[in-house]
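Beneath this line is the structure, given in structure tokens, with notes to follow.
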Amino acid sequence: MIPTAFDYARPTSVDEALRLLAQADDAKVLAGGQSLLPVLRMRLNAPDLVVDLGRIDSLRGIRDIGGGGAVAGGGGAIEIGAMTPYHEILASDEIRQELTLLHHAVAEVGDPQIRHRGTLGGSLAHADPAGDCGAVALALEAEMVIAGPSGERVVPAADFFQDLFTTAVGDDELLVAIRFPVHPGWGAGYQKFVRTAQQWPVVAVGACVHLADGKTISEARIGLTNMGPTPLRARAVEEALAGVTPTPEAVGAACAAAADGTSPPSDLNGDADYRRHLATVLARRAVLAAAGHPQ
Amino acid sequence: MELTHRFTVPADVATTFAAFDDVESVAECFPGAEVTSVDGDAFTGGVKIKLGPISLTFRGEGEFREKSLAKDGSSGRMVLSARGKDRRGNGTAGAEAVVALRPGAARADGGPATDVEVTTDLQIGGKVASIGRGLVQEVSTTMLGRFTDCLEKKLT
Amino acid sequence: MTTTEEAPTAEAAHDGEIGRDRRRKEDHRLLTGRTRWTDNIAPPGTLHLAMVRSPYAHARITGIDTRDAQASPNVVAVLTGADLADTQGVLANAWPITTDQVAPEHKPVAVDRVAFAGEIVAVVVARSAAAAVDAAELVDVDYEELPAALDLKDAAAATPENGGALAHPDLGTNNSARWIFDSAEAGTGGDVEDAIAAARSGGILIEREYRQQRLIPAFMEPRSVVVDPTGEQITLWSATQIPHITRFLLAATTGVPESKIRVIAPDVGGGFGGKLQTTPEEWAAFAVARRLGKPVKYTETRSESLLAAHHGRDQWQKLTLAATTDGTVTGLKVELLADLGAYVALVGGGVPVLGAFMFNAIYKFPAYRFDCRTVLTNKTWTDAYRGAGRPEATFAVERLMDELAAELGRDPLEVRRQNWITHDEFPFTTVAGLTYDSGDYESATAQAVEAFGYEDLRAEQARRREERDPVQLGIGISTFTEMCGLAPSRVLGSLNYGAGGWEHAEIRMLPTGKVEVTTGASAHGQGHETAFSQIVADRLGVPYEDVEVLHGDTQVAPRGLDTYGSRSLTVGGEALALAADKVVAKAKPWAAHLLEAAPEDIEFAHGKFTVAGTGEGKTVQEIALAAFAAHDYPEGIEPSIDAEATFDPVNFSFPHGTHLCAVEVDTETGAVSLRKYVCVDDVGTVINPLIVAGQVHGGLVQGIAQALWEEAVYDDAGTLLTGTLADYLVPSAADLISFDAAHRSTPATTNSLGAKGVGEAGTIASTPAVVNAVVDALRPYGVHDVRMPCTPARVWHAIQEGSAA
Ligand SMILES: Cc1cc2nc3c(=O)[nH]c(=O)nc-3n(C[C@H](O)[C@H](O)[C@H](O)COP(=O)(O)OP(=O)(O)OC[C@H]3O[C@@H](n4cnc5c(N)ncnc54)[C@H](O)[C@@H]3O)c2cc1C
């Protein structure tokens, strides 16, 4: 498991990193390395240059950026630097309270070692269809801050994931931060289904719901993981849930549509039919959990 | 791994057939593909597969095993087979694509149409196929999807 | 210190040595990494090897272009099979199960054809491991693909006439051997066909087909080999279970005199049968080192290990169980297909034969027939994997007993009771011709049932069924036995096995009082150093701390047959006990001489020789010093009390146990979770309960993993799809529960220790316990079987199909 030889650079600023990317023919960005290093060691890629973002302090941290800015809704937002490792997110009270769904999802990523090295930005930029955080970013309607040679741009999560392992981040760009509108008063439920602990999800469903009067669902947002080449929103379920009193029967009925419009893979962990079924069960459980524990 | 893609082209079978017969033009649709030489029904070339974290370069050769166009233009069929290996010896790829052409329902404007069905039997072997949650299989499915999407656009 | 002060403490320690929970003495160095694994060994100037492996399951090699690789920086040589053809030797099959067994020749580096994806086609030698791997990518091999025999049943049916793919076309068949045992022919029982005919008209017939999926041993330390050809001898270090067998076969197949070869297995990180192999990598490294005259090293990656180290299990089992309507089993017929993979491995062909004697398990079946075919395919070769043959047999019979109970509508424990051998019937000669020396199935079962809370769990199960709880409870039973302690050499001879089953030990009494022990049983994680020290301390009455156990080096422990088949304690431990007894016998005349007494008056107890009726005495350690000085000793004896012994058992040993497992099955998702696991194992005398617990726990996990998680999967072109540990699912502690593992003991009668062996018990017993539990949970849904591993998807589909039917 020895990668091919490559040059290694460790810039200390985003500008320097972007310059390196602009100059190189075939460069790869290194964040926590939990996805990139296996790929390099297995020689599924052999870049000339690896640009390690580990020393760019500005890319790391959790910031309350208040109500303004580009964030939809205007209800306040939290910005997480792309290089923030999972474990910092997990340890943050703010995130547990305001972005409970993200907290739940991050808690289930890999194992403690992976959570100490792996980063939220790396996970989203990698866009593994089985990654835990993509669907959550969709459900929480996050926005991605991308820096490139011509400055910064902000891309909504819905436009960020383009295809298998393909995002809006270009070869000469960096994902620098992720902005999440806070969801005060929203309940969250995350259901990750695995065959063994510390595995990528066979299917996962993240749900956050808002209960209007404490009784009926006024709004629900459901993200699906590993139900297609990109993370997906279960729009049909979201619509069906609006106005529903969250009993198991009613939620179950609404969640029967969880797999509508998806194209899940068939692999050693399960065939597509099984995944479609699983999505309905997990969606019901996630929504009930979310509705049962409103913040 | 067998994958089937279907689309309809606003041209008659013979015209569509001729379009498929042009290897270099067809290859343009495959992301990262390049034809380096054509010799009758045989060709050589390479494909650089670059998707997210993965970057593999396959080189190899291919040929049209079968090309038949019914005289009356009622059907066309070609069988194309190609095989190659990764530049770094980490994998092999073999594909057999059967392109079946049939007259489609006439278009709204009365012009001819052809229903195209591309059935690809793709075989990825070696190290790249046996590591990492079927990653390479998924990647190749995606690439093939992009290829046929592009073909469809190009021909329509 | 005076003797009077020392005696009481020494005595207290001596009394407690057998059956004492001692922490393993080897663990400190193993856990802190203060030891040497093969990959840490680097003789000066070591060159590194990288293997170029075939991506195809079956192909002719039409050309190998090594020029770019040769020209790559720091590359010393690139050698193909053709380059090594004359010197590389062959890999031997030590157990041709029939005289007409068909077996392809197995060259370590393929010469003109590859027969599985992962087979070595060239070896790159470079000054660094990185340079070797870089250059290996530049070796350009042209292949012409050949049809591959992949599916076991198809391969068994393929002939040149029907055009089915042949793994080795020149052999004309994929069928390697057919091995039959029939109790009517052997005179050990009736004719199974009569039993089946009777059952068909008025009895009960259970006909089932079970799949033993392909597994990968997945030991923690990947295989590694270092060969140093400099000096008078060629030294080969290898992460192997079998240094002695390796040395013998290297000599036998390469022509290098055995005396010129030294094989060392340093600390080895697990094997589970997976390192009971002589490997192409070892043979290639040996050939390359000899050719270049320089030390070489090869350490596989995890993916190479999963791909090319031998796999295990992989059988189809067709089973017919005949019984009367009152639940008495009248016969069992087993028709088996075993997948050998591309070559007949060291003992690969014999693995199903090891199971042949175990299908009748603890039961008094009056008629039995076992008919097995071993089949060549274009996949990685298969061989021993923890339990080897016996897990397959135990799975089949324990699943069948549950099916019989379900058919009868009776409690599966009751049906077992009705058919098993009772404790007063030992020794019992089974329908398979083995004589079980001891056991007590009733007591082990009673204890397990009690600890499990069997009745309460059955009540909970009934309640959940009643309430149609989406989470159903299932209870699985496995009352197993196995034959272990491989093995009586004469029996092995009668089975056409290529070697014996004895084991050797030596005790060297050092002048300082320390005791140096060598054993031919080469440990790779089992704790031999601890358990064997306890045996020696017990027999010689020396402090445990004074005993040093040496193993795994053919120059240090020259005679031995290594570690597998739960044999180390029952055979190797017994050899050591016998050697200790010889030391005592040799020391006795010294004691008599030094104490100026007649030998008849000398007594030996707690490490001390005393003159009967007096307090005077000499310890065995004092005599060791006297023998070293040799200033004063009787005529006619040698100046040494060292001793060696070789033990060849007259029979196998037969551990047994009752395993009870409760699982919860989420019928909505198909997820299976363990709820409770209780086992009571009878492994005979327990030398060290802590080690026994460790072996049982680890064994359980491996057996449970077969039931729920692990499977080596190939695609339809013969590419292994489970080439990383993200795909081949080995469980971790997070997937398991605490086990309630207890033991009872009816001592074995075939060795003086009374030990029966414990290395494989947990693995053999647990797989059917878990699958029985899963099926038990799902019976109300019309489910009668779930193929292993019982993945959530399979369980869910089984529920859909069962409910639809
Ligand atoms: C054993 C194991 C188990 C795992 N289990 C899970 C799991 O259960 N769930 C889960 O979601 N994930 C899991 N992972 C993956 C883990 O979450 C990874 O950390 C994550 O996918 C990538 O984050 P990283 O920081 O390590 O990125 P890296 O591996 O460093 O990079 C990943 C990719 O993203 C690119 N990249 C990284 N950062 C940026 C950036 N700022 N801008 C542009 N491109 C960038 C890199 O170039 C690379 O292509 C597991 C990994 C391992 C090894």
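The values are calculated or read from the model by the stated rules, or taken from the named source; none is laboratory data. Computed from a predicted model, the values in this text were never measured in an experiment. Here Cβ is always computed from backbone atoms with ideal geometry, including for glycine, and neighbour counts include all displayed protein chains. Accessible surface is based on the protein model in full, side chains and every heavy atom, while ligands, DNA and RNA are left aside. Shrake-Rupley method; radii C 1.70, N 1.55, O 1.52, S 1.80 Å.
Using the Cβ-Cβ distance between C:Phe426 and C:Asp27 with R0 = 41 Å, the FRET efficiency computed as 1/(1 + (r/R0)^6) comes to roughly 0.65.
Hey, if you put +1 on the Cβ of every Lys and Arg and -1 on every Asp and Glu Cβ in the protein assembly as shown, which of C:Leu146, C:Pro266, B:Met78 ends up farthest toward the positive end of that dipole? My answer, from the dipole projection, is B:Met78.
In the complete set of protein chains, residue-level accessible area for C:Phe370 is approximately 0 Å², probe 1.4 angstrom. Using the alpha-carbon atoms, what tilt in degrees (0 to 90, nearest 10) does helix A:272-292 show relative to the longest principal axis of chain A? Between helix and principal axis, roughly 70 degrees. Within the accessible surface of the stretch A:217-287, defined with a 1.4 Å probe on protein heavy atoms only, the carbon and sulfur portion equals 51 percent. Efficiency by 1/(1 + (r/R0)^6): what FRET value for A:Asp57 and C:Ala71, r their Cβ-Cβ distance, R0 = 41 Å, to the nearest 0.05? FRET efficiency, A:Asp57 to C:Ala71: 0.35. Between C:Arg211 and A:Ala22, the modelled labels are 5.7 nm apart [label points 7 Å from Cα along Cα→Cβ]. For peptide C:715-726, the mean count of partner chain Cβ atoms within 10 Å of a residue's Cβ comes to 6. Going toward the positive end of the dipole of chain C, with +1 on Lys and Arg Cβ and -1 on Asp and Glu Cβ, which of C:Thr614, C:Pro789, C:Gln233 do you reach last? Toward the positive end, the furthest listed residue is C:Gln233. Positive end of the charge dipole of chain A (Lys, Arg +1 and Asp, Glu -1 on Cβ, about the Cα centre): tell me which of A:Leu102, A:Val287, A:Ser150 has its Cα farthest that way. Farthest towards the positive end: A:Val287. Among the protein heavy atoms, those of C:Thr746 account for about 30 Å² of accessible surface (1.4 Å probe, every chain in place). For A:Cys255, B:Cys150, the ranking by accessible surface with the largest value first comes to B:Cys150, A:Cys255, using a 1.4 Å probe. With the Cα gyration tensor of the stretch A:7-53 giving a ≥ b ≥ c as the square roots of its eigenvalues, does the rule (a/c under 1.5 for rounded; else a/b larger than b/c for prolate; else oblate) give rounded, prolate or oblate? Cα axes put the stretch A:7-53 in the oblate bin. Counting only trypsin sites (Lys or Arg not before Pro) that are in a DSSP loop and have at most 14 other C-beta atoms within 10 Å, tell me the longest site-free stretch of chain B. Here the longest segment lacking exposed loop sites spans B:1-70. Applying Stokes-Einstein at 37 °C and 0.692 mPa s to the Kirkwood radius of chain C, computed over alpha-carbon pairs, gives a translational diffusion coefficient of 117 µm² s⁻¹. Residue-normalised convex hull volume from the C-alpha trace of the stretch C:382-480: 152 Å³ per residue.
Buried surface for the B/A pair, taken as the accessible area of each chain alone minus that of the pair with a 1.4 Å probe, is close to 1700 Å² in total. The mean number of Cβ atoms from other chains found within 10 Å of a Cβ in peptide B:134-147 is 4, as a whole number. Per residue, the solvent-accessible area of the protein assembly as shown (1.4 Å probe, heavy atoms of protein chains only, all protein chains present) comes to 36 Å².
Can you give the relative contact order of the stretch A:181-271 as a percent, counting alpha carbon pairs under 8 Å and 6+ residues apart?
Working: 154 pairs, mean separation 19.4, N = 91.
Normalised by residue count, the contact order of the stretch A:181-271 is 21 percent.
For chain C, what does the relative contact order come out to in percent, with C-alpha contacts under 8 Å and a separation of six or more?
Reported as a whole number, the value is 15 percent.
Taking each DSSP H run with n ≥ 4 as -39500 (n - 2.57) and averaging over every residue of chain A yields -8500 deg cm²/dmol at 222 nm. What percent do you get for the relative contact order of the stretch C:106-247 when only Cα pairs under 8 Å and 6+ apart count? Relative contact order of the stretch C:106-247: 9 percent. Applying a DSSP loop filter and a limit of 13 other Cβ atoms within 10 Å to the GluC sites (Glu not before Pro) in the stretch C:94-194 leaves C:Glu105, C:Glu161.
Taking all protein chains together, C:Leu721, C:Leu690 sort by accessible area into C:Leu690, C:Leu721, largest first [probe 1.4 Å].
Over 24 Å apart at the Cα level, from the set C:Lys260/C:Lys294; C:Lys294/C:Lys379; C:Lys107/C:Lys318; C:Lys275/C:Lys333; B:Lys85/B:Lys154, are C:Lys294/C:Lys379; C:Lys107/C:Lys318; C:Lys275/C:Lys333; B:Lys85/B:Lys154.
Here is the list for the stretch C:458-550: trypsin sites (Lys or Arg not before Pro) lying in DSSP coil, each with at most 11 other C-beta atoms within 10 angstrom of its C-beta, are C:Arg468.
Taking label points 7 Å from Cα along the Cα-to-Cβ direction, C:Glu414 and A:Gln97 give a separation of 6.2 nm. Taking only Cα atoms, what is the 0 to 90° angle, nearest 10, from helix B:135-155's long axis to the longest principal axis of chain B? Orientation of helix B:135-155: about 30 degrees from the principal axis. Counting only Cβ charges, +1 for Lys and Arg and -1 for Asp and Glu, the dipole size of the stretch C:502-647 around its Cα centre is about 220 debye. Screening chain C for DSSP H helices whose Cα atoms reach 20 Å or more along their own axis and whose mean Kyte hydropathy is at least -0.5 gives C:390-408, C:574-595, C:689-708, C:761-778. Note on chain A: with charges restricted to the Cβ of Lys and Arg (+1) and Asp and Glu (-1), its dipole about the Cα centre is near 700 debye. Distance between the modelled labels on A:Ala197 and C:Asp716, one decimal in nanometres: 3.9 nm (7 Å Cα→Cβ projection).
Averaged over peptide B:79-90, how many Cβ atoms belonging to another chain are found within 10 Å of each residue's Cβ?
Counting Cβ atoms of other protein chains within 10 Å of each residue's Cβ and averaging gives 3.
The largest accessible area among B:His5, C:His310 belongs to the first residue in B:His5, C:His310, and the rest follow in falling order (1.4 Å probe, all chains). Computed about its Cα centre, the charge dipole of the stretch B:18-136 is approximately 680 debye, with only Lys, Arg, Asp and Glu carrying charge at their Cβ. Among the trypsin sites (Lys or Arg not before Pro) found in the stretch C:202-271, not one is both in a DSSP coil and sparsely packed, with 12 or fewer other Cβ atoms within 10 Å of its Cβ. Counting only DSSP H runs of at least 4 residues, each contributing -39500 (n - 2.57), and dividing by the residue count of chain C, the helix-based mean residue ellipticity at 222 nm comes to -9000 deg cm²/dmol.
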